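I have placed the structure first, in the form of C-alpha cells, so that the comments after it can refer back to it.
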Amino acid sequence: MDWTLFWDSLWPLVLGGLTGTIPLSLSSFVLGLLLALVIALMRLSRNRLASSAARVYVSIIRGTPLLVQLFVIFYGLPSIGLVIDPWPSAIIAFSLNVAGYAAEIIRAAILSVPKGQWEAGHTIGMSRTRTLRRIILPQAARVSVPPLSNTFISLVKDTSLASLILVTEMFRQAQEIAAFSQQFMMLYLEAALVYWVFCFVLSSGQSYLEKRLDRYVAH
C-alpha cells in the first residue's frame, strides 16, 4: 500500500466532500423536503385528484432506481430538447427522489398526531390551515426527525452516483486520482473511509438532535 499516495490524496477527497458531496446533499435535501411537504399534504387532501396524483408520484419514485431517475434527467431530457447541466441535473434528481420517500415520512408523522389536537385548534377558533401550521406540523416535525435524518445520511452516500454524470464530488475525485495513479483499490477504500467518517459525524448529530427534541415530548 502506497501510504504517501494515501496521505496526499486524503485532503483532496475530504475537500471534494466538503465542497461537492455535502453542498449537493444539503441543497437536494432542503428542496426535497419542501416538495415532500406539498406531496404529503396532497396525499392527505380530501381532493381525490390531488391525493391520487401524489400517490402516483410516490409510487413512481419509490418503484424506480435512483440511477435511472438521474440518467433520465441528464441523458434522457436532451432527446426532447431540454439540456440541463450536470450539477442542476443531480440536484433535481436527488430532490425528486428525496421527496418521494420523505413525503411518506411526513404523512405518517402528521397522522400520528392525535385527532384531538385538530379539535383543540378548531375549539379555539383556528382554521384548519392555521391548526396545521401552528399545532400539527410542530408535533409532526419531532416525530419525523429520526427517519428524515436517516434519509439525509442515505442521500450523502447516494450522491456518489452523481459522478456518473460528471459532477465533481468526492467519489469523482477518487476516480480521477485512481485513474492517474492506477491504485484503484486503495483510492476506493479511502473514499469509503471518508464517506464513513462523514456519515458517523452526521449520525452523532442526529442522536444529539433527537435527545434535545425528546425533552419536549411528554412521557
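The values are calculated or read from the model by the stated rules, or taken from the named source; none is laboratory data. What you are looking at is a predicted structure, and each value in this text was computed from that prediction instead of being measured. Positions of Cβ are backbone-derived with ideal geometry, glycine not excepted, and every protein chain shown enters the neighbour counts.
Taking the stated definitions as given, is residue 14 at pLDDT 95 or above and in a helix (DSSP H, G or I)? First the steps, then the outcome.
Details: at pLDDT 95 or above: no; in a helix (DSSP H, G or I): yes.
It is false that residue 14 is at pLDDT 95 or above and in a helix (DSSP H, G or I).
Residues being closer than 14 Å to residue 148 by Cβ and in contact with a Leu (Cβ under 8 Å, 6 or more places away or on another chain): count how many of those fall in the stretch 1-50.
Going through the stretch 1-50 one residue at a time, the tally reaches 6.
Name every residue in the stretch 1-17 that is touching a residue at least 24 places away in the same chain (Cβ under 8 Å) and not aliphatic (A, V, I, L, M), in order of residue number.
Passing the criteria: 2, 6, 9, 12, 16, 17.
To keep it simple, each residue is scored yes or no on (1) loosely packed, with under 15 Cβ neighbours inside 10 Å; (2) touching a helix residue (DSSP H, G or I) at 6+ places or on another chain (Cβ under 9 Å).
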{"residue": "56", "(1), (2)": "yes, no"}
{"residue": "59", "(1), (2)": "yes, yes"}
{"residue": "62", "(1), (2)": "yes, yes"}
{"residue": "68", "(1), (2)": "yes, no"}
{"residue": "74", "(1), (2)": "no, yes"}
{"residue": "86", "(1), (2)": "no, yes"}
{"residue": "95", "(1), (2)": "no, yes"}
{"residue": "113", "(1), (2)": "no, yes"}
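Could you check residue 137 against (1) buried (at least 17 other Cβ atoms within 10 Å of the Cβ); (2) part of a helix (DSSP H, G or I); (3) modelled with pLDDT of 85 or more and say which number it fails?
Tallying (1) buried (at least 17 other Cβ atoms within 10 Å of the Cβ); (2) part of a helix (DSSP H, G or I); (3) modelled with pLDDT of 85 or more, residue 137 fails exactly one: (3).
Can you tell me which residue is nearest to residue 76 (Cα to Cα) among those in the stretch 144-182 that are in a loop (DSSP other than H, G, I, E, B) and among the polar types (S, T, N, Q)?
First, the residues of the stretch 144-182 that are in a loop (DSSP other than H, G, I, E, B): 166-169, 182.
Checking the rest, the ones that are also among the polar types (S, T, N, Q) come to 168, 182.
Details: 168: 21, 182: 32 Å.
Among residues in the stretch 144-182 that are in a loop (DSSP other than H, G, I, E, B) and among the polar types (S, T, N, Q), the one nearest to residue 76 (Cα to Cα) is 168.
Do we have any residue at all in the stretch 59-72 that's of a type in the set (Lys, Arg), under 17 Å from the mean Cα position of the chain (by Cα), part of a helix (DSSP H, G or I) and closer than 23 Å to residue 110 by Cα? Let's see the steps before the verdict.
Here is the first cut: in the stretch 59-72, the residues of a type in the set (Lys, Arg) are 62.
So of that shortlist, the ones also under 17 Å from the mean Cα position of the chain (by Cα) come out as 62.
Then drop every residue that is not part of a helix (DSSP H, G or I), which leaves 62.
Keeping just the survivors that are closer than 23 Å to residue 110 by Cα gives 62.
Checking the stretch 59-72: at least one residue is of a type in the set (Lys, Arg), under 17 Å from the mean Cα position of the chain (by Cα), part of a helix (DSSP H, G or I) and closer than 23 Å to residue 110 by Cα.
Do we have any residue at all in the stretch 86-109 that's in a helix (DSSP H, G or I), over 16 Å from residue 37 (Cβ atoms) and basic (Lys, Arg)? If you could, list the steps in order and put the result at the bottom.
Keep residues of the stretch 86-109 that are in a helix (DSSP H, G or I), which gives 86-109.
Pick out the ones that are also over 16 Å from residue 37 (Cβ atoms) and you get 86-94.
Subset that is basic (Lys, Arg): none.
No, because not a single residue in the stretch 86-109 is in a helix (DSSP H, G or I), over 16 Å from residue 37 (Cβ atoms) and basic (Lys, Arg).
Under 7 Å between Cβ atoms, which residue pairs at least 6 apart in sequence (or on different chains) link something in the stretch 185-196 that is touching a residue at least 12 places away in the same chain (Cβ under 8 Å) with a partner that is not in a helix (DSSP H, G or I) and not hydroxyl-bearing (Ser, Thr, Tyr)?
Pairs that qualify, where the first residue is touching a residue at least 12 places away in the same chain (Cβ under 8 Å) and the partner is not in a helix (DSSP H, G or I) and not hydroxyl-bearing (Ser, Thr, Tyr), are 186/1; 186/2.
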